[in-house]
Amino acid sequence: MKNILIISASPRKNGNSDILCDKFMQGATVAGHNVEKIFLKDKNINYCTGCGLCTTNNYTACSQVDDMEELLQKLLKADVIVMATPVYFYTMNAQMKTFIDRCCSRYTKINNKEFYFIATCADSNKNNLNRTFDSLRGFTACLEGATEKGCLYATGVWEKGDVNNTDLINQAYNMGLKA
């Protein structure tokens, strides 16, 4: 049994990327894993201020008091981390980027994790999602022992719920089942 943490950066509940998170969670639950989904929209996460407190405290503290400390503790306990974002202007949305930036205070301790990436976009050209996944890989490249286990290219979904009319929900479920 693995501890799986799903980070949903969708700004709308039941948006396309959030639906895919739920399908991944269903598959992982059927496989017997312990799964928790965090909906970033419901969390108070401030921007990194670049104050440097984390570097002077051996990456164990942050000057800000918000919900990020709770999320960092969950990241440290997770075996598998799923990062799901809608794509805006061919990259991750601001909620996901802010979350990643605030991992600075503990990034040296987020070690030996498996990662899955999910990105949704209106564009139907799968290749246009590569820069989004490359940006997410920029984060995991800074983590010791991070292993990318899969990417879900969810293209051609624009309106809320469009993903329900595609095979993408089965792909997300199967990713979770195999996690």
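For segment 33-133, what is the percent of antiparallel DSSP beta bridges, rounded to the nearest 5?
Within segment 33-133, antiparallel bridges account for around 20 percent of the total.
For segment 1-90, how big is Rg over Rh, using alpha carbon atoms and the Kirkwood form of Rh?
Radius of gyration relative to Kirkwood radius: 1.03.
FRET efficiency for Asn111 and Asn174, Cβ-Cβ distance as r, R0 = 25 Å, nearest 0.05? Working shown, then result.
On the way: r = 27 Å, r/R0 = 1.09.
Computed FRET efficiency for Asn111 and Asn174: 0.35.
Which value in nm describes the separation of the simple spin-label points at Lys160 and Tyr47, placed 7 Å from the Cα toward the beta carbon?
Reported label-point gap for Lys160 and Tyr47 is 2.7 nm.
Between segment 41-58 and segment 95-129, what is the separation of their alpha carbon centroids in Å?
17
Suppose R0 equals 22 Å. What FRET efficiency, 1/(1 + (r/R0)^6) with r the Cβ-Cβ distance, do Asp101 and Glu70 give to the nearest 0.05?
0.85
Anything over 24 Å Cα to Cα? Flag those among Lys113/Lys160; Lys43/Lys178; Lys77/Lys97; Lys77/Lys126; Lys23/Lys74; Lys13/Lys113, in the order listed.
Numbers: Lys113/Lys160 31 Å; Lys43/Lys178 29 Å; Lys77/Lys97 21 Å; Lys77/Lys126 33 Å; Lys23/Lys74 21 Å; Lys13/Lys113 26 Å.
With Cα atoms farther than 24 Å apart: Lys113/Lys160; Lys43/Lys178; Lys77/Lys126; Lys13/Lys113.
Regarding segment 51-96, what is the average projected area of its C-alpha convex hull, in nm²?
On the way: hull surface 18.3 nm².
Seen from a random direction, the Cα hull of segment 51-96 projects 4.6 nm² on average.
Can you give the translational diffusion coefficient of the chain in µm²/s, computed by Stokes-Einstein from the Kirkwood radius over Cα pairs at 10 °C and 1.306 mPa s?
Estimated via Stokes-Einstein, D reaches 97 µm²/s.
Please list, in order, the residues from segment 138-160 whose amide nitrogen is less than 11 Å from a point placed 7 Å along the Cα→Cβ vector of Ala31.
149-150
Taken together, the values in this text are just the output of simple stated rules run on the coordinates, not laboratory data. This is a predicted model, so every value here is computed, not measured. Virtual Cβ from ideal backbone geometry, glycine too; neighbours counted across all protein chains shown.
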